[in-house]
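Participant: A single structure is presented below for examination.
The values are calculated or read from the model by the stated rules, or taken from the named source; none is laboratory data. The structure displayed is predicted, hence computed values, not measured ones. Cβ coordinates were reconstructed from backbone atoms using ideal geometry, including for glycine residues, and neighbour counts include every protein chain displayed. Heads up: the accessible areas ignore ligands, DNA and RNA and are worked out on the full protein's heavy atoms, side chains in. Shrake-Rupley method; radii C 1.70, N 1.55, O 1.52, S 1.80 Å.
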Amino acid sequence: MSLKILLNGSKGRMGQAISSIAAEKGCEISSAVDMGDDPAPGIDACDVVIDFSLHHATLDVARLAEGAGKPIVIGTTGHSSEAREAIAALSTRIPMVWAGNYSTGVNLLFYLTAKAAEVLDSDSDFDPEVVEMHHRHKQDAPSGTADRLLEIIKDSRGLSDQDVAHGREGLTGERPVDQVGSHSLRGGDVVGDHLVLFAGIGERLELTHRATDRTIFAAGALRAAKWIVGKDPGLYSMQDVLGLTA
């Protein structure tokens, strides 16, 4: 029996990618909605909601899912901190998977970055930098994936948002020890490249993931949709979906 999905953001790049492989993954787009459409008529007929829309539309569809008791998978990025808090609060009543990237490889990158950051901490004399590149049409920077990589490094070193340098310009002076560099590149049709670099004295560690086909993200989102149905209310990540959490 196919899993019935209300897909919010169906006309976007990710929405189209999800629709293109849904059937082969045992899923059915029971309701495809986009900007200007009302998702409410399709909520009762679906098993799960997937949101790949725009940041200002996520909260409304998440509230709709919460009102109907439906699980939701969120892949939209660029939310304000206030919107993120409001959306996450709904996970106390419905199961929610929220990730900046649904690729299996990227989530392994998260896992490996966490392990590397444990060893290459602030006492190790390694300087961390995160570099990402996406297509020219991407509207937010850094990417959701880069934000998560930065969070992993910040948490490991006990740093805050103020310790992240988003690009550098002019006479910046010597690089502070307690700093993480973040750099966003945009151009062409790049699906998504992410590099985590730990630069030491005499050696350098680089962890890299390059996406060449958007369907890897679509496949991950559908995997998350299948996994979340029947779960207890809570805020889950793709690390949970892939069994990479303790």
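Participant: Closer than 20 Å to Thr76 by Cα, at pLDDT below 95 and touching an Asp or Glu at 6+ places or on another chain (Cβ under 6 Å): is that true of Ser143 in this structure?
Facilitator: The answer is yes for Ser143.
Participant: Within the set of pairs 6+ apart or on separate chains, which have a first residue in the range 78-97 that is closer than 15 Å to Asp147 by Cβ and of a type in the set (Gly, Ala, Ser), a second that is part of a helix (DSSP H, G or I) and open to solvent by less than 40 Å² (accessible area, probe 1.4 Å), and C-beta atoms under 9 Å apart?
Facilitator: Short answer, once both residue conditions are applied: Gly78/Gly144; Ala83/Thr58; Ala83/Leu59.
Participant: So which residues in the range 86-133 are over 16 Å from the mean Cα position of the chain (by Cα), of a type in the set (Gly, Ala, Ser) and under 19 Å from Trp227 (Cα atoms)?
Facilitator: Result: Ser91, single match.
Participant: Filter the range 117-146 for residues that are farther than 20 Å from Gly192 by Cβ and in a helix (DSSP H, G or I); which is least open to solvent (accessible area, probe 1.4 Å)?
Facilitator: Looking at residues that are farther than 20 Å from Gly192 by Cβ and in a helix (DSSP H, G or I), I get Ala117.
Participant: Let me ask you something else. Filter the range 146-184 down to the residues that are at pLDDT below 95 and among the β-branched types (Val, Ile, Thr) and list them by number.
Facilitator: Thr172, Val177, listed by residue number.
Participant: In the range 102-116, which residues are open to solvent by 10 Å² or more (accessible area, probe 1.4 Å) and touching a Phe, Trp or Tyr at 6+ places or on another chain (Cβ under 8 Å)?
Facilitator: The one that is open to solvent by 10 Å² or more (accessible area, probe 1.4 Å) and touching a Phe, Trp or Tyr at 6+ places or on another chain (Cβ under 8 Å): Ala116.
Participant: Which numbered condition in (1) at pLDDT 95 or above; (2) under 14 Å from Leu222 (Cβ atoms) is the only one that Met14 fails?
Facilitator: The failed condition is (1).
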